[in-house]
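One structure is given below, encoded as structure tokens.
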Amino acid sequence: MHGSHFSRKVYAIIKHIMKHRENTISWQKLLSSPWPAVWAWIFLAIIILGIFMPGSTLITIIKLSGILLCLIYACQKFPNDHLLQLALLCTFVADTILAINNIADGGLLFFLAAQLIHLFRLEPQARRPIAIIFAIIAVIAIASDLIFQFAPLIYVICAFYLQVILMNIIVSWRWYRHHPKEPLSLCALVGFSLFLACDICVGISYLSLTGTFSTFLYMPANFFAWFFYYPSQILVSNSSRYAKMVPKGR
């Protein structure tokens, strides 16, 4: 009797280990061709054109195309992770709006929506109500500001945005701490950290535009914003927490 019970326990443990190995995603499997080469060429183009042709239409098209490709990549690699895809779609819409008007409130709202979706998908099931409550508070505060105009809307949006991206970094760190050998957890942690670095540069750029900071900082801040931003999007698009990848060849 005891021997039979022990055998069942051993079988269950082996089955769990084998299932975990099947679901573990290696760097080689994650970064399958041709995507690393595509990302590298786009990033190189953004850097070169950012130095020599920073205000050109060409660099804007390349930037938006690069963000769209991150969405396409996620749809192909993680077809079941609809929250990741929705967050990346909101990011692409935000970038498109800000490419037309770089201080448009609508673009910032889509960025906030993207971060809230990321928070919801990254949080474990038991902690997801926190993300929902935070989103409800943000909606109420933004709607109240639109009605009563107690502060510039951009400041209200940015205040919530800063909080949620810091929350995403914390959640990603918890994920990485518990699964340090999981490439997706490292992608999330580094990706959102680079996202924050980009946002700091965007803040410097905006304050330079308004005259709070020296106008000398405007161009360098814009350059380094995309220096951090595009790699962050590549990594975030590889941060699917729950979906399985489609095996190569299917």
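The values are calculated or read from the model by the stated rules, or taken from the named source; none is laboratory data. Just so we're clear, the structure is a prediction, and the values are computed from it rather than from any experiment. Note: ideal-geometry Cβ built from the backbone for every residue, glycine included; neighbour counts use all protein chains shown. Heavy atoms of the whole protein, side chains included, go into the accessibility calculation; ligands, DNA and RNA do not. Shrake-Rupley method; radii C 1.70, N 1.55, O 1.52, S 1.80 Å.
At 1.4 Å probe size, with the rest of the protein present, what percent of the exposed accessible area of segment 51-199 is carbon and sulfur atoms? Within segment 51-199, the accessible surface is 74 percent carbon and sulfur.
Would you tally the net charge around residue 167, using a Cβ to Cβ cut-off of less than 13 Å, leaving residue 167 out, and scoring K and R as +1, D and E as -1?
Surrounding charge for residue 167 is +3.
Once the 1.4 Å probe is applied to the protein heavy atoms, segment 95-250 comes out at 51 Å² accessible per residue. Derived scalar couplings between HN and Hα for segment 83-97 equal 5, 4, 5, 5, 5, 5, 5, 4, 4, 5, 4, 4, 5, 5, 5 Hz in order, rounded to whole Hz, by the Karplus curve 6.51 cos²θ - 1.76 cosθ + 1.60 (θ = phi - 60°), x for Gly and Pro.
Gyration tensor over the Cα atoms of segment 115-245: the corresponding equivalent ellipsoid has semi-axes (square roots of 5 times the eigenvalues, largest first) of 28, 22, 9 Å. A simple spin-label model places pseudo-atoms 7 Å from Cα toward Cβ; at residue 213 and residue 125 they are separated by 4.4 nm. Which of the chymotrypsin sites (Phe, Trp or Tyr not before Pro) across segment 143-250 are loop residues per DSSP, with 11 or fewer other Cβ within 10 Å? Those satisfying the criteria are 150. Taking the Kirkwood radius as Rh and the Cα radius of gyration as Rg, segment 47-161 has a ratio of Rg/Rh equal to 1.04.
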